[in-house]
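Everything below concerns the one structure shown next.
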Amino acid sequence: MNDSVWTDADRYFESAILKDDDALRGALSESKAAGLPAIAVSPLQGKQLYLIAKMIGAKKILEVGTLGGYSAIWLARALPPGGKLVTLEYEQKHADVARKNLDRAGVGALVDIHVGAAIGTLPKLASEAPFDLFFIDADKASNPDYVAFALKYARPGSVIIVDNVVRGGRVLDAHSDNADIKGVRRMFAELEKEGRVEATVIQTVGDKGYDGYALIRVI
Ligand code: SAH
Ligand code: DHB
Ligand code: MG
């Protein structure tokens with residue numbers, strides 16, 4: 001078992017399950033042309049976000065970490081008419097690329113992009129709560145703060161997804177001095193004490209190596 005069989009399987013399932021999609025392909029190529037890092041969710045992971053949003057009937061979604069809007073397109077496509085995606089991005093350049101990609105995908109009217117450090121934007125979103133679904137995918141060091149805000153802006157039944165919690169197994173290093181790993185581990189320590197959630201982790205392999213995401217339901 002190695003990375004090549006994982007990525008080969010991604011290619012196989014993409015061709016078997018996913019349709020050719022100009023807007024999504026364009027979002028990735030425009031992001032690349034603008035010099036954004038290639039760290040968006042994979043196509044199959046994007047479809048998974050879309051399916052979860054649809055399965056829970058999400059009408060309001062909050063994303064932390066927009067990048068070029070690739071995951072945002074998937075999430076926005078899952079919204080019913082009148083639904084809304086609020087997405088938070090630190091870098092103006094990323095937000096500009098995302099705005100164009102979302103508009104080209106035909107979902108721009110459903111999406112608000114807020115530029116700035118998410119920790120500064122989040123306190124201003126109280127009037128938009130509750131959100132049905134959260135996708136936390138920004139600076140991992142701040143994951144505990146982002147989850148705390150998600151809990152504040154959730155209702156019973158809301159779902160919180162936190163990307164990149166396995167990181168090739170680096171999450172196992174309890175003595176890591178890496179801020180991202182420390183953030184992920186502190187998030188789990190705080191979830192353990194939190195009575196209002198039930199959670200699991202889905203470990204993943206494929207285009208993005210060995211990683212995984214936390215899947216959390218608010219009680
Ligand atoms: N969800 C995207 C990928 C996000 S990559 C997708 O799958 O398509 C992580 C993004 O978080 C980057 O664009 C980065 O600029 C942004 N980010 C990093 N720190 C941030 C912060 N403090 N507040 C908001 N966004 C931040
Ligand atoms: C990185 C960030 C992500 O959100 C991701 O899914 C993969 C990698 C990174 O910063 O390296
Ligand atoms: Mg991620």
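Residue-level check: of (1) more than 20 Å from residue 51 (Cα to Cα); (2) surrounded by 16 or more Cβ atoms within 10 Å (Cβ to Cβ), residue 213 misses just (1).
With respect to being open to solvent by less than 40 Å² (accessible area, probe 1.4 Å), β-branched (Val, Ile, Thr) and more than 12 Å from ligand 1 (Cβ to nearest atom), residue 52 fits the description. Here residue 81 does not qualify as at negative phi, within 15 Å of ligand 3 (Cβ to nearest atom) and loosely packed, with under 13 Cβ neighbours inside 10 Å. When you scan region 61-78, do you find a residue that is more than 16 Å from ligand 3 (Cβ to nearest atom), part of a helix (DSSP H, G or I) and more than 15 Å from residue 104 (Cβ to Cβ), even just one? No, region 61-78 has no match at all. Checked against (1) in contact with a strand residue (DSSP E or B) (Cβ under 7 Å, 6 or more places away or on another chain); (2) within 25 Å of residue 197 (Cα to Cα); (3) of a type in the set (S, T, N, Q); (4) open to solvent by 60 Å² or more (accessible area, probe 1.4 Å), residue 121 passes all but a single condition, namely (4). I'm trying to understand the selection: among the residues of region 170-219, which are within 14 Å of ligand 2 (Cβ to nearest atom) and in a loop (DSSP other than H, G, I, E, B)? The answer is 178, 205, 206, 207, 208, 209, 210.
For region 161-209, the set of residues classified as touching a helix residue (DSSP H, G or I) at 6+ places or on another chain (Cβ under 6 Å), free of Cβ contacts under 8 Å to residues at least 60 places away in the same chain, open to solvent by 60 Å² or more (accessible area, probe 1.4 Å) and closer than 24 Å to residue 45 by Cα consists of 170, 199, listed by residue number.
Scanning region 8-49 for residues that are more than 15 Å from ligand 2 (Cβ to nearest atom), open to solvent by less than 70 Å² (accessible area, probe 1.4 Å), more than 14 Å from residue 72 (Cα to Cα) and assigned to a helix (DSSP H, G or I) turns up 9, 14, 16, 29. In the set (1) in contact with an Asp or Glu (Cβ under 8 Å, 6 or more places away or on another chain); (2) within 11 Å of ligand 3 (Cβ to nearest atom), residue 45 fails one condition alone, (1).
The values are calculated or read from the model by the stated rules, or taken from the named source; none is laboratory data. In this text, all values refer to a predicted model and were calculated from it rather than measured experimentally. With ideal geometry, Cβ positions are generated from the backbone for all residues, glycine too; neighbour counts draw on all protein chains shown. These accessible areas exclude ligands, DNA and RNA; they are computed on the full protein's heavy atoms, side chains included. Shrake-Rupley method; radii C 1.70, N 1.55, O 1.52, S 1.80 Å.
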